[in-house]
Amino acid sequence: EPEICNITNEIEDLCAKASKAVGGGILGVDLMEDKEKGLVVHEVNNTVEFKGLVKVSNINIPKEMIEFALNSIRK
């Protein structure tokens with residue numbers, strides 16, 4: 001079952017940097033914990049899975065994705 005992951009400043013910063021490195025957009029950033037390095041980016045995906053997130057979040061993920069896309073083309 002999915003669990004809530006509290007987004008720390010470190011996670012947010014690392015994901016933002018990974019997103020920026022590939023041009024941004026709606027992305028899935030996979031992180032792993034390394035005993036020596038701490039959190040590291042494992043991969044950045046241009047398709048995202050959010051079925052688990054929907055189960056533990058009160059956010060309408062598809063709606064947010066559509067709004068992000070519309071706002072991006074309006075800029």
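The values are calculated or read from the model by the stated rules, or taken from the named source; none is laboratory data. Being a predicted model, the structure only gives us computed values, none of them experimental. No Cβ is skipped: glycine too gets one built from the backbone with ideal geometry, and neighbour counts run over all protein chains shown.
Report the residue count in the range 1-11 for those that are among the β-branched types (Val, Ile, Thr) and in a helix (DSSP H, G or I).
The total comes to 1.
Could you please find all residues in the range 12-57 being over 19 Å from Ala69 (Cα atoms), assigned to a loop (DSSP other than H, G, I, E, B) and among the small types (Gly, Ala, Ser)?
Matches in the range 12-57: Ser57 only.
As an exercise: evaluate Asn60 against (1) without any contact (Cβ under 8 Å) to a residue 40 or more places away in the chain; (2) touching a helix residue (DSSP H, G or I) at 6+ places or on another chain (Cβ under 7 Å) and give the number of the one condition it does not meet.
Going through (1) without any contact (Cβ under 8 Å) to a residue 40 or more places away in the chain; (2) touching a helix residue (DSSP H, G or I) at 6+ places or on another chain (Cβ under 7 Å) one by one, Asn60 breaks only (2).
If you take the residues in the range 58-75 that are part of a helix (DSSP H, G or I) and of a type in the set (Val, Ile, Thr), which one is farthest from Glu3 (Cα to Cα)?
Only one residue fits best here, namely Ile73.
Only one of Leu70, Leu14 is surrounded by 11 or more Cβ atoms within 10 Å (Cβ to Cβ) and modelled with pLDDT of 95 or more; which?
Answer to the selection: Leu14.
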